[in-house]
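For reference, the structure is listed below as structure tokens.
The values are calculated or read from the model by the stated rules, or taken from the named source; none is laboratory data. What you see is a predicted model, and the numbers here were worked out from it, not measured in a lab. Cβ atoms come from the backbone with ideal geometry, glycine included; neighbour counts cover every protein chain shown. Remember, those area values only see protein heavy atoms, side chains included, never the ligands or the DNA or RNA. Shrake-Rupley method; radii C 1.70, N 1.55, O 1.52, S 1.80 Å.
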Amino acid sequence: MIDIKHELLDRVSNWLTPAFDEETQEYINNLIVSNPKELQESFYKDLEFGTGGMRGVMGVGTNRINKYTLGKNTQGLSNYLHKSFPNQKLKAAIAFDCRHNSKSFAKLVADVFSANKIEVYLFEDLRPTPELSFALKHLNCHCGIVLTASHNPPEYNGYKVYWQDGGQLVPPQDEEIIQEINHLEYSEINFKANENLINYIGKDIDDVFINASVKNGSFNTSEEAKKDLNVVFTSLHGTSITIIPETLKRAGYNNLHIVKEQEEPNGDFPTVKSPNPEEPEALKMALELAKKTNGDIVIGTDPDSDRVGVAVRNLNDNMILLNGNQTMVMMTNFLLQQWQNQDKIKGKEFIASTIVSTPMMNDLATAFNVECKIRLTGFKWIAKMIKDFPELDFVGGGEESFGFMVGDFVRDKDAVTATLLACEIAAQAKANGSSFYEELIKLYIKHGFYKERLIFVTKKGVEGAEEIKQMMVNFRENPLTVINESKVAMLEDYQTSIAKNMITGKIEAINIPKSNVLIYYTEDGSKIALRPSGTEPKIKFYISVNTSLDSVSEFSKKDAGLEEKIDAIIKDMHLS
């Protein structure tokens, strides 16, 4: 039996006061008697805001998603809004995904806002996360909330907070709001809704959002090319089914096959182990449908429709899932080419990516004479750059975790417009006698063949969190000097904001916000980034290697060589 520490008992005792309902108190009393381990997991800490907001397992306790943790967040946010915008009529937009309790959680959040004299625009039913970002700006709201846990397992839910610009919270607002929340007692939450301040929105916003997506994601593709592209789509039981098919239809893509078994929203995600388009298994049904229908491209989105997975036919005519770096460089190059064709590149444009994504983005920027801005993981940082550099025009940007943003009309990763953009690339390539994959190889020939792989180690619970913490300590305090027989040339530590040349000993400052990330660069051009996940119990290792590529004919051989090199790095770092 686990000993219940005094600090934990204080936390638990607080939840046994009249501020909490009888059902909650009864459940906690049962845990005390019968399941102290679960009690510890539920109360040992407060849920924290990570790279994608606050996510956690649903249940009772401070470390769980529930009525009280969501209510406290919303009460703290309400207090902060009143302080930040005195004497203004405050407005908030709220959306939610297909997960269990998302709809009721969204109404609860709306109740707390309205109880605090904040007018609410609540989507009547589930909608994609990027539509919330769009709606917030369209309705001139001060903030927005999405109830979602993205691609996490079914037992999870979450709470994403957006600010006036349509992007997620960033400094200084995030820390200031967290302080406001932490100063609150649960008894201070005002749950008494003012229904007169709650407005329900739906199709009216859908139409405007879809039209904006078509406008931003379409690039002079002929009607014949659109008709000729055979598209297979799966929403993986998520929200994108409400928007993406209609978006493709309005853009002219009517040759669309939808995976019927995954069409209906379902928080259990019954046909997949994980509703994550990063994982090939999640797109198995879509790939099988593509085989039956002779599909040209497969598109799959995660439950809240901000991530997009793209599968295309390789040189052997077999469907393969591209990784996020590959789709990102293809989409970025395509956008830059369109801007160049329209004579819109004037030397004040930028693309954006993240510190753990492919270095190839820098090469694309150089080729088109635009700037490439690199920031921490998470699209909130890309959205922040748009706000921080109003004198520059944002073309597009992405990150390796299957997220991409086309222009700035949405200020978060957007699987809706990215889906349309992927179809535009594929349709134009096919019409020109090429393919999405062949165009990717041409980029490798022109800019260098970059290959990446993400691996992760999962460590759940209290003990797992400590193990992940210790792994980072070990790599930080005892840095590797050689990786796969190549000397480490540079070590970037984003927690200490120091970049050290391991050959000369020269130290430089890293001028972006601190984060628990380490990046090793070796003399042979390899890059290995280490980062604990901000939303999952994982530590992630991002590996990037590269070589030259002279022709399509040598692609397969060079590809196999890079695969072997990544395998060797994994073995050398004892990650397998």
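Being out of contact with any strand residue (DSSP E or B) (no Cβ under 7 Å at 6 or more places or on another chain), of a type in the set (A, V, I, L, M, F, W, C), under 26 Å from residue 555 (Cβ atoms) and assigned to a loop (DSSP other than H, G, I, E, B), is that true of even one residue in the range 396-408?
Within the range 396-408, none of the residues are out of contact with any strand residue (DSSP E or B) (no Cβ under 7 Å at 6 or more places or on another chain), of a type in the set (A, V, I, L, M, F, W, C), under 26 Å from residue 555 (Cβ atoms) and assigned to a loop (DSSP other than H, G, I, E, B).
Taking the condition more than 27 Å from residue 302 (Cα to Cα) and either surrounded by 15 or more Cβ atoms within 10 Å (Cβ to Cβ) or among the basic types (Lys, Arg) (or both), does residue 107 pass?
Numbers: more than 27 Å from residue 302 (Cα to Cα): no; either surrounded by 15 or more Cβ atoms within 10 Å (Cβ to Cβ) or among the basic types (Lys, Arg) (or both): yes.
No, not satisfied.
Looking only at residues in the range 530-551 that are of a type outside the set (A, V, I, L, M, F, W, C) and closer than 28 Å to residue 439 by Cα, which one is most open to solvent (accessible area, probe 1.4 Å)?
Initial filter on the range 530-551 (of a type outside the set (A, V, I, L, M, F, W, C)): 531-538, 540, 542, 544, 546-548, 550-551.
Then keep just the ones that are closer than 28 Å to residue 439 by Cα; that gives 542, 544, 546-548, 550-551.
Working: 542: 13, 544: 6, 546: 49, 547: 44, 548: 67, 550: 119, 551: 38 Å².
Filtering first and then ranking leaves 550.
Could you check the range 28-50 and list, in sequence order, the residues that are hydroxyl-bearing (Ser, Thr, Tyr) and crowded, with 16+ Cβ neighbours inside 10 Å? Write out each step before concluding.
Of all residues in the range 28-50, those hydroxyl-bearing (Ser, Thr, Tyr) come to 34, 42, 44.
Across the range 28-50, the qualifying residues are 42, 44.
Which is buried (at least 19 other Cβ atoms within 10 Å of the Cβ), free of Cβ contacts under 8 Å to residues at least 60 places away in the same chain and under 30 Å from residue 44 (Cα atoms), of 145, 94, 65? Lay out the reasoning, then the answer.
Working: 145 fails: free of Cβ contacts under 8 Å to residues at least 60 places away in the same chain; 65 fails: free of Cβ contacts under 8 Å to residues at least 60 places away in the same chain.
Residue meeting the stated conditions: 94.
Considering only residues of the range 512-529 that are touching a residue at least 60 places away in the same chain (Cβ under 8 Å) and outside any strand (DSSP E or B), which is surrounded by the most Cβ atoms within 10 Å (Cβ to Cβ)?
First, pick out the residues of the range 512-529 that are touching a residue at least 60 places away in the same chain (Cβ under 8 Å): 512-513, 515, 517, 519, 527, 529.
Now restrict to residues that are outside any strand (DSSP E or B): 512-513, 515, 517.
Values: 512: 13, 513: 13, 515: 20, 517: 22.
The residue in question is 517.
Out of (1) among the hydroxyl-bearing types (Ser, Thr, Tyr); (2) in contact (Cβ under 8 Å) with a residue 12 or more places away in the chain; (3) over 26 Å from residue 461 (Cα atoms), what's the single condition that is false for residue 494?
Of the numbered conditions (1) among the hydroxyl-bearing types (Ser, Thr, Tyr); (2) in contact (Cβ under 8 Å) with a residue 12 or more places away in the chain; (3) over 26 Å from residue 461 (Cα atoms), the odd one out for residue 494 is (3).
Of everything in the range 552-575 that's in a loop (DSSP other than H, G, I, E, B) and in contact with a strand residue (DSSP E or B) (Cβ under 8 Å, 6 or more places away or on another chain), which residue is most open to solvent (accessible area, probe 1.4 Å)?
Step one: of the range 552-575, the residues in a loop (DSSP other than H, G, I, E, B) are 573-575.
Retained after the next criterion (residues that are in contact with a strand residue (DSSP E or B) (Cβ under 8 Å, 6 or more places away or on another chain)): 573, 575.
Values: 573: 14, 575: 31 Å².
Filtering the range 552-575 for residues that are in a loop (DSSP other than H, G, I, E, B) and in contact with a strand residue (DSSP E or B) (Cβ under 8 Å, 6 or more places away or on another chain), the one most open to solvent (accessible area, probe 1.4 Å) comes out as 575.
Could you say which residue among 214, 259 is under 30 Å from residue 297 (Cα atoms), of a type in the set (A, V, I, L, M) and without any contact (Cβ under 8 Å) to a residue 40 or more places away in the chain? Write out each step before concluding.
Details: 214 fails: without any contact (Cβ under 8 Å) to a residue 40 or more places away in the chain.
Being under 30 Å from residue 297 (Cα atoms), of a type in the set (A, V, I, L, M) and without any contact (Cβ under 8 Å) to a residue 40 or more places away in the chain holds for just one of 214, 259, which is 259.
Considering only helices (runs of 4 or more DSSP H) fully contained in the range 200-252, which possess at least 3 residues that are touching a helix residue (DSSP H, G or I) at 6+ places or on another chain (Cβ under 8 Å) and either open to solvent by less than 10 Å² (accessible area, probe 1.4 Å) or of a type in the set (S, T, N, Q) (or both)?
Details: elements: 203-217, 223-228, 244-251.
By residue number, 203-217, 244-251.
Return yes when residue 353 is assigned to a strand (DSSP E or B), open to solvent by less than 10 Å² (accessible area, probe 1.4 Å) and closer than 22 Å to residue 533 by Cβ and no when it is not.
On the way: assigned to a strand (DSSP E or B): yes; open to solvent by less than 10 Å² (accessible area, probe 1.4 Å): yes; closer than 22 Å to residue 533 by Cβ: yes.
So residue 353 fits the description; yes.
Filter the range 166-197 down to residues that are assigned to a loop (DSSP other than H, G, I, E, B) and either open to solvent by less than 30 Å² (accessible area, probe 1.4 Å) or without any contact (Cβ under 8 Å) to a residue 60 or more places away in the chain (or both), then give me how many there are. Steps first, answer last, please.
Here is the first cut: in the range 166-197, the residues assigned to a loop (DSSP other than H, G, I, E, B) are 166-167, 169-172, 183-185, 189-194.
Remaining after also requiring either open to solvent by less than 30 Å² (accessible area, probe 1.4 Å) or without any contact (Cβ under 8 Å) to a residue 60 or more places away in the chain (or both): 166-167, 169-170, 172, 184, 189.
Total satisfying the criteria: 7.
How many residues are surrounded by fewer than 20 Cβ atoms within 10 Å (Cβ to Cβ) and in contact (Cβ under 8 Å) with a residue 12 or more places away in the chain when one looks only at the range 422-434? If you could, list the steps in order and put the result at the bottom.
Narrowing the range 422-434 to residues surrounded by fewer than 20 Cβ atoms within 10 Å (Cβ to Cβ): 430-434.
Next cut, in contact (Cβ under 8 Å) with a residue 12 or more places away in the chain only: 430-431.
The qualifying residues number 2.
If I filter the range 13-58 down to residues being without any contact (Cβ under 8 Å) to a residue 40 or more places away in the chain and among the β-branched types (Val, Ile, Thr), which single residue comes out as nearest to residue 74 (Cα to Cα)?
Of everything passing the filter in the range 13-58, 28 is nearest to residue 74 (Cα to Cα).
Just the residues that are of a type in the set (D, E, K, R), surrounded by 15 or more Cβ atoms within 10 Å (Cβ to Cβ) and modelled with pLDDT under 95, please, taken from the range 443-466.
So the first thing to find is which residues in the range 443-466 are of a type in the set (D, E, K, R), and the list is 446, 451-453, 459-460, 463, 466.
Within this subset, residues satisfying the condition of being surrounded by 15 or more Cβ atoms within 10 Å (Cβ to Cβ) are 451-453, 459.
The one that is of a type in the set (D, E, K, R), surrounded by 15 or more Cβ atoms within 10 Å (Cβ to Cβ) and modelled with pLDDT under 95: 459.
Which condition number in (1) in a helix (DSSP H, G or I); (2) of a type in the set (Ser, Thr, Tyr); (3) surrounded by fewer than 20 Cβ atoms within 10 Å (Cβ to Cβ) is the one that residue 419 fails?
That leaves (3) as the condition not met.
Among what's in the range 485-511 and is among the acidic types (Asp, Glu) and open to solvent by 40 Å² or more (accessible area, probe 1.4 Å), pick the residue that is nearest to residue 521 (Cα to Cα). Explain how you work it out, then say what you get.
Here is the first cut: in the range 485-511, the ones among the acidic types (Asp, Glu) are 485, 492-493, 508.
Subsequent filtering for residues that are open to solvent by 40 Å² or more (accessible area, probe 1.4 Å) retains 485, 508.
Working: 485: 13, 508: 15 Å.
Only one residue tops the list, namely 485.
Take the conditions closer than 22 Å to residue 536 by Cβ and either in contact with a Phe, Trp or Tyr (Cβ under 9 Å, 6 or more places away or on another chain) or not polar (S, T, N, Q) (or both) and apply them to residue 414. Does it pass?
Working: closer than 22 Å to residue 536 by Cβ: yes; either in contact with a Phe, Trp or Tyr (Cβ under 9 Å, 6 or more places away or on another chain) or not polar (S, T, N, Q) (or both): yes.
Yes; evaluated as a whole, the condition is true for this residue.
Do we have residue 115 as within 15 Å of the chain's Cα centre (by Cα) and either over 14 Å from residue 56 (Cα atoms) or in contact (Cβ under 8 Å) with a residue 24 or more places away in the chain (or both) here? Spell out the reasoning first.
On the way: within 15 Å of the chain's Cα centre (by Cα): no; either over 14 Å from residue 56 (Cα atoms) or in contact (Cβ under 8 Å) with a residue 24 or more places away in the chain (or both): yes.
The answer is no for residue 115.
List pairs: first in the range 236-249 and within 17 Å of residue 277 (Cα to Cα), second aromatic (Phe, Trp, Tyr) and in a loop (DSSP other than H, G, I, E, B), Cβ under 9 Å, 6+ apart or cross-chain?
The qualifying pairs are 236/269; 237/269; 238/269.
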